[in-house]
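Here's the structure, in structure tokens; my notes come after.
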Amino acid sequence: MDWDFRRLGVNICVCYQVTNAQALAAWQATDQPSVEQLGRLFHCGHHCAMCVPYFQSLLQEWKQGTWPPTGDACRNASG
């Protein structure tokens, strides 16, 4: 099984069923995006916390402008 956590729409937080597209939409809606914000909004990281490193990577890449890829960025980020 090949799991690409960077592909837009992929479920990252299995405990609370939160996708990277939901995270992207939340980050785009604020001027201070953070992984902690996802915890407040969706409870990510409040159970097993295995999603946190993935969300941290995605947030860093998003801030650098390298995620999502250009083709994915045009799609609706809400899932």
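Laboratory data are not the source of any read-out in this text; all were calculated from the coordinates shown. This structure is a prediction, so every number in the text was calculated from the model and none was measured. FYI the Cβ positions are ideal-geometry reconstructions off the backbone, even for glycines, and counts take in every protein chain you see.
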Elements of type helices (runs of 4 or more DSSP H) contained in the stretch 14-76, each with 3 or more residues being touching a residue at least 40 places away in the same chain (Cβ under 8 Å): 20-28, 52-64
Subset of the stretch 41-67 (residues that are crowded, with 18+ Cβ neighbours inside 10 Å and closer than 14 Å to Ala26 by Cα): Phe42, Cys44, Phe55, Leu58, Leu59, Trp62
Residues located in the stretch 11-29, provided they are closer than 14 Å to Tyr54 by Cα, under 9 Å from the mean Cα position of the chain (by Cα) and surrounded by fewer than 18 Cβ atoms within 10 Å (Cβ to Cβ): Asn11
